[in-house]
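A quick write-up on the structure given underneath.
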Amino acid sequence: MTAALLQRYPVDVLHRPERQVPPPGALEMPWHRIRAVCRLPGGWQRWRLRRALPAIHRLGERLSALGDVALDAYIESLRDRLLAEGLSPRLSREAFATVREVAWRELGMAHHDVQLMGGLALLEGKVAEMPTGEGKTLTATLPAATAALAGVPVHVVTVNDYLAGRDAQAMTPIYARLGLTVGVVTHERSPRQRRAAYAADITYCTNKELVFDYLRDGRELGSECTPLQAHAASLRGALDQHRLLLRGLHFAIVDEADSVMLDEARTPLILSGPDEGEPLDIALIDEVLTLSERYREGEDFVRESGRLHLTEAGKVRLVEQAERRLAAQGERSGWLGKARREWLLQQALVARHQFQRDRHYLVRDGQVQIIDEHTGRVLADRRWERGLQQMVERLEGCRPSEPNRTLARLTYQRFFRRYQHLSGMTGTACEVRGELWWTYRLRVVSIPPHRPSRRRHLGVHAFDDDDGRWQWVAERAAQLAARRRPVLIATASLADSEVLSRRLEARGLEHAVLNARQDAEEAATVARAGCAGAITVATSMAGRGTDIALDEEAREAGGLHVIIAGRHDASRIDRQIAGRCARQGDPGSVEYALSDTDPLLDELAGWQRHIGPLPVRLSRAQRQRERRHARERARLLDADWRENELLGFSGKTE
């Protein structure tokens, strides 16, 4: 087991142990790059994990013969030994056998061999790639309970509040029988409730809430960053330790690790507060928006790698217009300064030409609410920075919100690297195993399925425009529903899901829609999606992590059929969506419906956009977007390292 687990750390809000990871030196970087592209043979890694299974099963046979009273006494003995000796391989296998027996007695669920292998990989600090539907929630109980029995606080990190609450509630009987406490941190929890949840042995939380709570603690601590300084500040009354939430970063299991650690890691998380500086200049925002309306793509600005840039002609035009405004308004004009006016205009161009309603945001109750591009959910309490939020609000005719200022910022890369022990699980990691090593020093272990997959791939259907695609999708859904097969249609955006919904309504087809507008009904919608003849339209990541359970009629009809209406930003996401069908040995099938108007094709240069079959072009565009996103994450990590070097003397960089 990892050395970090064998070290004993005090557990309280003032000691707050975490790992400080310096950026690699010039000689280390080539070595880590080589290790990122080289990997251990998958068969050898699986053989290592399988080697521990016979011992776990032998121990399990002995435990199954014990009565309830004897088992409880054995659990107490095991906990004492784990607290005294730490997580040795022998005691870890013993703990796994105990958790497995408790799961069977409390829930009627015994961990399969592949789940035991996944749990061992997590305990070793790796990313376990387990096919969708293999029971990752139950798998996580093995390392989580083992570490908690050894006195190590555990964070189980999920992608949304619903999954955090569901998983904690479902697994609590196991933990309670083991004498462990469970806490849940969701968006609506108060500081008092959060503090109690983090004080539990095992805490289920979302990645965003966890990082923001960490940043809030950083604001409370200020410069008192070491345990000794924090204790001294607490004694002299300068620090109220009862306002702190976390007890350090000990042991994390990240569910959907590729989504959290990579897809959501292209931008830092920013803790903001009201800006008490200059008041919002609505007149200037209106002026810039009016000016941006006259700028033409290709002439005044261009799109490059998903970003908007002013051309030289656009910059010259801006200078001329700024001079006229300066002459009219004087030196108090907001147009002073070349960099400031170019930045303002670029923000206005992004608001007008790049952000699309019902794709990047929606308007609800007179407010502009951001849609999380990774989960498809509304981020009701989040705002864009530096006037962009107010520009979008003005374009939509909404009342401008008050501007915020940045209080603290932190990237996922830097945050998760601070855990003493970090691991993850997901159904799609092999494509990004190199980046996971380079960024987080995490190896990927592919775990085989418990039962062979019965998923059938029925091919790709290409269309010249969206109209043809949606017509075919509606017809296909009607055919399958008539045969009593449930159908899941995955769209790339909220707008696409609503266009398709109208097509289905026109045909008189009863269906459910799961997107940012209906996020509150997610659990109920997913629960009905496996019923015979059900049609469900969902944005790409809606319902991720939730099983679609088939009823017997649907299973006999051929299982769930998935239609992926367009390629997504990464092939991993397509594979994740395809994995919604044919889980755990059930039948199922998947096919694609692609359009030549797919926005993903914007990644390609002019001639590349039109050369070759549509599926080939979309695959090429998808790879380019994956590489661009990887470069963005690498640049962000490099900037983090540089910032850490520049500000390292202060001990604080958030």
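Starting from region 602-620, take each residue that is without any contact (Cβ under 8 Å) to a residue 60 or more places away in the chain and list its partners that are assigned to a loop (DSSP other than H, G, I, E, B) and among the acidic types (D, E), counting only C-beta distances under 8 angstrom and pairs at least six apart or across chains. Pairs found: L618/D598. Taking strands (runs of 3 or more DSSP E) as the structural unit, those lying wholly within region 107-225 and holding at least 2 residues that are in contact (Cβ under 8 Å) with a residue 40 or more places away in the chain correspond to 127-129, 154-158, 202-206. Scanning region 468-490 turns up no residue that is farther than 30 Å from D358 by Cα, under 28 Å from the mean Cα position of the chain (by Cα) and in a strand (DSSP E or B). If I filter region 436-443 for residues that are in a helix (DSSP H, G or I) and among the polar types (S, T, N, Q), do I get at least one hit? Scanning region 436-443 turns up at least one residue that is in a helix (DSSP H, G or I) and among the polar types (S, T, N, Q). Within region 415-430, the presence of at least one residue that is surrounded by fewer than 23 Cβ atoms within 10 Å (Cβ to Cβ), modelled with pLDDT of 90 or more and of a type in the set (K, R) is confirmed.
Please count how many residues of region 87-107 are modelled with pLDDT under 95 and surrounded by fewer than 17 Cβ atoms within 10 Å (Cβ to Cβ). Residues that pass the stated criteria total 3. If I filter region 353-365 for residues that are among the aromatic types (F, W, Y) and touching a Lys or Arg at 6+ places or on another chain (Cβ under 8 Å), do I get at least one hit? No, region 353-365 contains no residue that is among the aromatic types (F, W, Y) and touching a Lys or Arg at 6+ places or on another chain (Cβ under 8 Å). Taking the numbered list (1) out of contact with any strand residue (DSSP E or B) (no Cβ under 9 Å at 6 or more places or on another chain); (2) under 20 Å from S423 (Cβ atoms); (3) at pLDDT 90 or above in turn, G248 passes all entries but (3).
Go through the residues of region 578-596 one by one and say whether even a single one is part of a helix (DSSP H, G or I) and on the phi < 0 side of the Ramachandran plot. Yes; the residues of region 578-596 include at least one that is part of a helix (DSSP H, G or I) and on the phi < 0 side of the Ramachandran plot. Within region 169-193, the set of residues being modelled with pLDDT of 95 or more and among the basic types (K, R) comprises just one member, R177. One residue stands out in region 182-224 among those that are under 21 Å from L149 (Cβ atoms) and of a type in the set (S, T, Y): the one that is surrounded by the most Cβ atoms within 10 Å (Cβ to Cβ), namely Y204.
The single condition among (1) at pLDDT 95 or above; (2) more than 33 Å from the chain's Cα centre (by Cα) that G119 does not satisfy is (2).
The values are calculated or read from the model by the stated rules, or taken from the named source; none is laboratory data. Model, not experiment: these values are computed from the prediction. Every residue, glycine among them, receives a Cβ derived from its backbone with ideal geometry; neighbour counts consider all protein chains shown.
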